[in-house]
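Note sheet for the following structure.
Read the figures in this text as sums done on the coordinates, not as results from a lab. Note that the structure is a prediction, hence the values are computed from the model and not measured. Cβ placement follows ideal geometry from the backbone for every residue including glycine, while neighbour counts extend to all protein chains displayed.
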Amino acid sequence: MLQSQKLESIGTLAGGIAHDFNNILTGIFGFSMMVKQHLNEPEKAKKDVDQIIKCAQKAANLVKHILAFSRKSDHKKQPLRLSSIIKEVATLLRSSIPTSIEIQVAITTESNIMADPIQIQQVIMNLSTNAYHAMEKTGGVLTINLDKIQFKKPNTLPELNMLSGNYLKLEIIDTGSGMDSKTTNKIFDPYFTTKEPDKGTGLGLSVVHGIVTKHDGHIKVRSKPGQGSVFTVFFPITEKVSRLII
């Protein structure tokens, strides 16, 4: 089920990434033709080659992020810098979603959590993809926030049954159509979906809920029709140092 959701997320990105690659290739082909025209003018030819190198670097960087997203893992928990995963996902999203949707990222902490990087990546990608779908027709703003928060008493948020301690607070916010209370009460149920048949399986948010729970985290949603949605995820902070380099 996890692998199925990862493939679905990649499918969502594929069209945009293909468009981005076509733009890069257009630049490479265009400047290559100009090099041929400027063979007798070394300075102009050098500028053309420099542009080809820049295009190739963009392509290499995009490939790096795609491979990072699709990599396999034994799903082992390790000290993980959540901010690095957020930046990686944001880079992929910028290459794939319409320009009518603005992406804003605000990170105020570099604290670590004990987590499997691939599964945490799926959580952020699935929530971001849902946010994108909510704004696909109208456009809007997708916001990803990461803050550090301390709960001095257990059950500070009674509905989540949380223990006291230090947590990372991840928020993924959209300005889309929003949901009524009847819908928000069901969104984490397997196979429940409000999307069209070709837009999703209804497993995305149930997978997200399962991953968050397995990482001793908590997730809640706040939404109203016409006012967008806010998904908030809490992960307990670890003092162990991250060795993952992205």
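When +1 charges are put on Lys and Arg Cβ atoms and -1 charges on Asp and Glu Cβ atoms, the dipole computed for the stretch 78-238 relative to its Cα centre reaches about 320 debye.
Pairwise Cα separations in the stretch 78-238 fall into 5 Å bins from 0 onward with the following percentages, short to long: 2, 9, 18, 22, 22, 16, 8, 3, 0. Distance between the 7 Å Cα→Cβ label points at residue 44 and residue 186: 6.5 nm.
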